[in-house]
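See structure below.
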Amino acid sequence: MLRYHDEEWGVPLHDDRALFEFLVLGGFQAGLSWRTILHKRESFRRAFHDFDASRIAHYSDEDRRRRLSDPTIVRNRLKIDAAITNAGHFLGVKKEFGSFDNYIWQFTGQKTLRNPEGVTPSTLPASTGESDAMSRHLKRRGFHFVGTTICYAFMQTVGMVNDHIDDCFRAPAQILPTSPQ
């Protein structure tokens, strides 16, 4: 968890394959701990062909059954079906917008958002207006397991929001007031 925090969480991500990976993992995390998903991450990568959306979108019924019988991943039929369905919609978004990155970052104005100074882990929001909008848009496009809380966690993960607390080395440098002349 520490390595994930220090090296990945909140770092702006613009690689479509990695964005799709975190979108899928976020759906699998629903109702579970992120720790559980991270510990199974390599297994998910193997099971889902390193999150190659082109391959996943064409999974057959047999491919679905294989994932349902794989004890190294979360074997939830609805979540596996969502990953396959979302792969097809992900490809549609890429075609329409040139990349999933172009589409998804529009919800933060193509920049990383920061919550006000002084937030603590217990006062961080579970969702925001931006995650609400993202969720609505994704659902309209047919994506599953993309509720506002999942979207907000995704935004934190891929650096669309930087929710590192003020004394964390990953928090953005604070701008100090200028001294009077």
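The values are calculated or read from the model by the stated rules, or taken from the named source; none is laboratory data. None of these values were measured; they are calculated from a predicted model. Here the Cβ positions follow ideal geometry from the backbone for every residue, glycine too, while neighbour counts run over all protein chains shown. Protein only, heavy atoms only, side chains kept; ligands, DNA and RNA dropped before computing areas. Shrake-Rupley method; radii C 1.70, N 1.55, O 1.52, S 1.80 Å.
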field: Residue that is out of contact with any Ser or Thr (no Cβ under 6 Å at 6 or more places or on another chain), free of Cβ contacts under 8 Å to residues at least 24 places away in the same chain, more than 16 Å from Leu19 (Cβ to Cβ) and among the acidic types (Asp, Glu), where the choices are Asp132, Asp167
entry: Asp167
statement: Reported set for segment 42-61 where residues are within 19 Å of Thr157 (Cα to Cα), loosely packed, with under 13 Cβ neighbours inside 10 Å and touching a residue at least 12 places away in the same chain (Cβ under 8 Å) is Asp50
message: I need the full set of residues from segment 7-27 which are surrounded by 20 or more Cβ atoms within 10 Å (Cβ to Cβ) and either out of contact with any Ser or Thr (no Cβ under 8 Å at 6 or more places or on another chain) or among the basic types (Lys, Arg) (or both), in order please.
response: Leu19, Phe20, Glu21, Leu23, Val24, Leu25, Gly27
- request: Just need a number here: residues in segment 72-131 that are touching a strand residue (DSSP E or B) at 6+ places or on another chain (Cβ under 7 Å) and part of a loop (DSSP other than H, G, I, E, B).
  value: 1
query: Identify, please: which residue in segment 76-102 is aromatic (Phe, Trp, Tyr) and open to solvent by less than 40 Å² (accessible area, probe 1.4 Å) and is, among those, farthest from Ala30 (Cα to Cα)?
result: Phe100
query: Is there a residue being of a type outside the set (D, E, K, R), in contact with a helix residue (DSSP H, G or I) (Cβ under 6 Å, 6 or more places away or on another chain) and in a strand (DSSP E or B) anywhere in segment 153-170?
result: yes
Of all residues making up segment 46-71, the number that are outside any helix (DSSP H, G or I) and within 12 Å of Phe28 (Cβ to Cβ): 1
- request: Report yes if some residue within segment 117-124 is free of Cβ contacts under 8 Å to residues at least 40 places away in the same chain, closer than 17 Å to Gly10 by Cβ and of a type outside the set (Asp, Glu); otherwise report no.
  value: yes
field: Filtered residues of segment 28-41 (kept if exposed (fewer than 15 other Cβ atoms within 10 Å of the Cβ) and farther than 18 Å from Ala82 by Cβ)
entry: Ser33, Arg35, His39
statement: Leu2: passes all of (1) over 25 Å from Ala171 (Cα atoms); (2) exposed (fewer than 13 other Cβ atoms within 10 Å of the Cβ) but (1)
